[in-house]
Amino acid sequence: MRKSIVAGNWKMNMSHVEALNLYKSLSALEESFPSNVEVLVAPPYVYLNELNNIGKGSRVKVIAQNCASNESGAYTGEVSASMLRSIGINSAIVGHSERRHVFGESIREVTEKVLMLLKQNMQVVFCVGEQLSERKGGSHFNVISDQLQSVLSLEPSLFEKIVVAYEPVWAIGTGETASPEQAQEMHSFIRSKLNEVYGKQSNQTRILYGGSVKPNNASEIFGKQDVDGGLVGGASLDASVFAEIIKAAG
Ligand code: PEP
């Protein structure tokens, strides 16, 4: 049995006070979360240390939205995996579509970030997803297959730290979701690719769905066999709405 994960990606939203309030409001609801669901939130870097300290003992774990592809040095504005680890952050999102398509991160750079996090023994929430033109053109399976290469040559003991998030770019922040069947089809494809390399171990890998998950569509999507929870953007910015999504994963 795979334990579901529901992760909230706050992106570049919220003032300091708003972030504190959101974190506290969500933690206050944790008794209502199903016991078989892990809950993660990814606030902007500047709030990580404080929220992680406030959250010690809370079920709402604080993770990073990104990390640098280099270890240290003259990389103005970047934050390394080891810095995150040094303040007690154990997990980060890598390869989010906004990083790939807005900031132009290549597969190679995403792979370097994965390796940086693994070197720090951190969990990686590794995102893949095709653009609308790629789905319409029928190349979506090839696109996902290419993106997956970043995690397909790891030692099995390192691969254990990978959580995959399938996020079709056309469904992120658009209000449009993949149908539960489209999600299951791609999740099953991803698991088959992982299985080719890691065999039975791939049955343990959590594969999250992301793309306009809301309380009214979450249970149907999360109910699919290979969907092990969700990565949620917009709907994670309201504690009670996000809590509904968490409950749907139980
Ligand atoms: C995301 O940014 O990872 C995401 C899935 O966003 P949204 O839920 O707003 O579509």
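The values are calculated or read from the model by the stated rules, or taken from the named source; none is laboratory data. In this text, all values refer to a predicted model and were calculated from it rather than measured experimentally. Please note: Cβ atoms are built from the backbone with ideal geometry, for glycine as well, and neighbour counts cover all protein chains shown.
Each residue in the range 62-73 was checked for being touching a strand residue (DSSP E or B) at 6+ places or on another chain (Cβ under 6 Å) and assigned to a loop (DSSP other than H, G, I, E, B), and 3 of them qualify.
So how many residues does the range 199-217 have that are near the ligand (Cβ under 9 Å from one of its atoms) and not aliphatic (A, V, I, L, M)? Count: 5. Against the test of being closer than 26 Å to VAL41 by Cα and modelled with pLDDT under 95, the options GLU160, GLU176, GLU167, GLU130 yield a single qualifying residue, GLU176. Collect the residues in the range 34-61 that are assigned to a helix (DSSP H, G or I) and hydroxyl-bearing (Ser, Thr, Tyr), keeping them in residue-number order. Within the range 34-61, TYR45, TYR47 meet the criteria. Checking each residue of the range 12-20 against the condition of being exposed (fewer than 13 other Cβ atoms within 10 Å of the Cβ) and touching a residue at least 24 places away in the same chain (Cβ under 8 Å) gives at least one match. None of ALA183, ALA178 is within 16 Å of the ligand (Cβ to nearest atom) and part of a helix (DSSP H, G or I) except ALA183. Contact map, the range 69-82: first residue over 15 Å from GLU105 (Cα atoms), second residue among the aromatic types (Phe, Trp, Tyr), Cβ cut-off under 7 Å, separation 6 or more or different chains; pairs are VAL79/TYR45.
Checked against the criterion of being of a type in the set (A, V, I, L, M, F, W, C), surrounded by fewer than 18 Cβ atoms within 10 Å (Cβ to Cβ) and part of a helix (DSSP H, G or I), the range 99-107 has at least one qualifying residue.
For every residue, the table says whether it meets (1) assigned to a helix (DSSP H, G or I); (2) crowded, with 18+ Cβ neighbours inside 10 Å; (3) among the hydrophobic types (A, V, I, L, M, F, W, C); (4) in contact (Cβ under 8 Å) with a residue 24 or more places away in the chain.
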residue: VAL163; (1), (2), (3), (4): no, yes, yes, yes
residue: TRP170; (1), (2), (3), (4): yes, yes, yes, yes
residue: TYR198; (1), (2), (3), (4): yes, yes, no, yes
residue: ASN216; (1), (2), (3), (4): yes, no, no, no
residue: LEU231; (1), (2), (3), (4): no, yes, yes, yes
residue: VAL241; (1), (2), (3), (4): yes, no, yes, yes
residue: ILE246; (1), (2), (3), (4): yes, yes, yes, yes
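Screening the candidates VAL41, VAL17 for the property of being among the β-branched types (Val, Ile, Thr) and more than 16 Å from ILE245 (Cβ to Cβ) yields one hit, VAL17.
Annotation for the range 16-25: at least one member residue is charged (D, E, K, R) and in a helix (DSSP H, G or I).
In this structure, is VAL46 under 18 Å from the mean Cα position of the chain (by Cα) and modelled with pLDDT of 95 or more? Judged against the criteria, VAL46 is not a match.
Restricting the range 131-161 to residues that are within 16 Å of the ligand (Cβ to nearest atom) and free of Cβ contacts under 8 Å to residues at least 40 places away in the same chain leaves a set whose member that is surrounded by the most Cβ atoms within 10 Å (Cβ to Cβ) is ARG135. Considered as a group, the residues in the range 81-94 that are in a loop (DSSP other than H, G, I, E, B) and surrounded by fewer than 20 Cβ atoms within 10 Å (Cβ to Cβ) include one that is farthest from the chain's Cα centre (by Cα), and that residue is ILE87.
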